[in-house]
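The values are calculated or read from the model by the stated rules, or taken from the named source; none is laboratory data. Please read all numbers here as calculations on a predicted model, not as lab measurements. Backbone-built Cβ (ideal geometry, glycine too); neighbour counts: all protein chains shown.
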């Protein structure tokens with residue numbers, strides 16, 4: 001049951017989740033709940049952004065490349081669960097394997113949060129799908145977009 005209007009609305013709906021950042025998981029930066037008709041068996045996904053930075057008291061992140069700073073994950077929600085964006089669902093809601101798990105490098109957390117928000121917007125606008133069939137496209141889009149935060153695409157006006 002949704003208790004508030006979605007933050008993004010279009011081909012799909014998305015809510016910025018108000019759980020997962022309570023201090024028990026300090027690497028978690030932002031989470032979104034996405035709801036749309038992209039798969040015949042389920043209609044909810046979570047998009048999560050985590051920092052790969054070293055955090056005191058926590059084992060180091062398993063980086064695919066030592067320069068990676070963040071990871072975006074798109075996770076199908078078990079259809080037996082209906083997630084509320086304002087209440088942590090507990091355990092068992094994630095389907096495996098994840099649809100997308102992409103590490104990348106950007107200068108700051110706020111850049112990674114902006115990139116995650118733009119991924120959600122692309123889904124809600126109908127330009128992309130959260131489904132694993134689009135994993136290779138997501139990998140290219142996230143890498144290319146991350147380069148913008150370093151000014152590597154100077155021909156693009158911001």
When residues of the stretch 109-134 are limited to those that are assigned to a loop (DSSP other than H, G, I, E, B) and touching a helix residue (DSSP H, G or I) at 6+ places or on another chain (Cβ under 8 Å), the one surrounded by the most Cβ atoms within 10 Å (Cβ to Cβ): 130
Residue satisfying condition, being surrounded by 12 or more Cβ atoms within 10 Å (Cβ to Cβ), in contact with a helix residue (DSSP H, G or I) (Cβ under 7 Å, 6 or more places away or on another chain) and more than 26 Å from residue 6 (Cα to Cα), within set 100, 106: 106
Filter pass, residue 87 being in contact (Cβ under 8 Å) with a residue 12 or more places away in the chain and either over 17 Å from residue 133 (Cα atoms) or part of a strand (DSSP E or B) (or both): yes
Subset of the stretch 1-28 [at pLDDT 95 or above, outside any strand (DSSP E or B) and out of contact with any strand residue (DSSP E or B) (no Cβ under 9 Å at 6 or more places or on another chain)]: 10, 11
Yes/no for residue 137 being in a strand (DSSP E or B) and either within 15 Å of the chain's Cα centre (by Cα) or free of Cβ contacts under 8 Å to residues at least 40 places away in the same chain (or both): no
